[in-house]
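Peer 1: My structure is below; once you've seen it, I'll send some questions.
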Amino acid sequence: MLKKNTEGTAMKFRLKPIAFAIVVSLSGVGCQQVPDHPLVEQARIDQLLPQPSKEELAAIESPEQIFALPEQAIQAFRGKLAIYDSTQERSYALLNFIFKENNDAMQYINGETLTAAEALKRGQANCLSLTILAYSLANSVGFKTEFRDVKIPEYWITRNGESFLNGHVNLQVQAIYPEEKPNIAYSAGSSYIIDFERGVGLGRLPYKVINKQDMVALFYNNKAAETMEAGDYQKAMLYLRAAGRAQPTLPDTWNNLAVWYKRQGQLPLAEQAYLQSLQLDPNHSNTMANLAILYTEQGKVAQAELLERKVERNREQNPYYFLMLGNEAVSQQQFAEAQKFYQRSLTINDQIAETHFSLAKLFLQQGRYDAAASHLNKARLLTSPGRERDVLQHKLDLLHTVAHVD
């Protein structure tokens, strides 16, 4: 089943972080995925993503600004770790600073993409921004780090009436202090993952190691989707040009670029950008769905139907896709359809906390308190210990009290 949006409905962006609602999928906001592919032809880059001038680049964050932290904050953080002698204790101190359970804890939200300094100041941001912050903090005290792009299936979230395709990155930290003796219990090479999107069933998914330049491109791509969502197309194109120059092999950049050109009425250039995205990733469902819409509008029915069939095959075993369809059905008050979509998602994968939580809310609305409590408890058990699980436990306790559920 291929779910379409029409002009005037929510477009899909690629967040990691899709497609814009006409339906074009914009990719950005949150986190994104970086594939291994040959470089794009320079002529294609120059044609569709011309090099920004120094004056233009001054209007957006530089790569250095994306990762920079105030020197005062770095010194304060180093002071917190200086009291510990072992690498293991320093590692725990880093984790405690990021995930601590007091009011100053770093919090994950699906929101604006921020630099490391902005995320530290606000104390909350999306997963891409918080991962950038964790990287900057870890590197400021000598930890070796590694960015990981988690290969999640298609999954959309809705924000301010627009749909965003979510992706995900996290950070592996290796605590290496050359000056320490080799008999330290927590030896060099021991590592842990810092992940701000806990409890969403991501733990066992494959990943790809990416570099700092890839992260810069993901940051720019997210900012492009956000500024396009806000209606600032001039700045959105500037971010896209910066993203393409930083890492031209990211399919989402070309998909978002195609959305930009389509919205400007430049359909031949939009098609070129879509085709470039598919050249980099032939199975990119969002690009195929967007290109199918373009072909349909141009009367190229056979080409559109071919792409739609490919998208349908990709999505029929994706639990996140059916979770997204359930969320859309709820927003349209089609509750019976929503329940079918959620249950289809669970049939494919019953280890996704958000699906259980969504089904619990639906059952609660219907007055089916026992079923709601069952799925709420499953969501709680699938969520890592911490604030999210505590919130779910509170909701479960409240449900037991109000509805007298056993």
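The values are calculated or read from the model by the stated rules, or taken from the named source; none is laboratory data. It should be emphasised that the depicted structure is a prediction, and the values quoted were computed from it without experimental measurement. Using ideal geometry, Cβ is built from the backbone for each residue, glycine included, and neighbour counts are taken over all protein chains shown.
Peer 1: Which number in (1) farther than 25 Å from Ala353 by Cβ; (2) modelled with pLDDT of 55 or more; (3) assigned to a loop (DSSP other than H, G, I, E, B) marks the one condition that Leu205 misses?
Peer 2: (1) is the only condition that Leu205 fails.
Residue-by-condition table, conditions (1) surrounded by fewer than 21 Cβ atoms within 10 Å (Cβ to Cβ); (2) assigned by TED's automatic domain parsing to the domain that holds Ala236; (3) at pLDDT below 90:
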{"residue": "Gly28", "(1), (2), (3)": "no, yes, yes"}
{"residue": "Leu39", "(1), (2), (3)": "yes, yes, yes"}
{"residue": "Gly79", "(1), (2), (3)": "yes, no, yes"}
{"residue": "Ser86", "(1), (2), (3)": "yes, no, yes"}
{"residue": "Glu89", "(1), (2), (3)": "yes, no, yes"}
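Peer 1: Within segment 206-223, track down each residue that is over 15 Å from the mean Cα position of the chain (by Cα) and either closer than 12 Å to Glu64 by Cα or surrounded by 24 or more Cβ atoms within 10 Å (Cβ to Cβ) (or both).
Peer 2: Lys212, Gln213
Peer 1: Among the candidates Ala329, Ala289, Ala371, Ala302, which residue alone is part of a helix (DSSP H, G or I) and surrounded by 21 or more Cβ atoms within 10 Å (Cβ to Cβ)? Lay out the reasoning, then the answer.
Peer 2: Details: Ala329 fails: surrounded by 21 or more Cβ atoms within 10 Å (Cβ to Cβ); Ala371 fails: surrounded by 21 or more Cβ atoms within 10 Å (Cβ to Cβ); Ala302 fails: surrounded by 21 or more Cβ atoms within 10 Å (Cβ to Cβ).
Residue meeting the stated conditions: Ala289.
Peer 1: Kindly evaluate Leu359 against the criterion of being outside the structural domain of Thr249 (by TED's automatic domain parsing), out of contact with any Asp or Glu (no Cβ under 6 Å at 6 or more places or on another chain), surrounded by 19 or more Cβ atoms within 10 Å (Cβ to Cβ) and in a helix (DSSP H, G or I).
Peer 2: On the way: outside the structural domain of Thr249 (by TED's automatic domain parsing): yes; out of contact with any Asp or Glu (no Cβ under 6 Å at 6 or more places or on another chain): yes; surrounded by 19 or more Cβ atoms within 10 Å (Cβ to Cβ): yes; in a helix (DSSP H, G or I): yes.
When the stated conditions are applied, Leu359 passes them.
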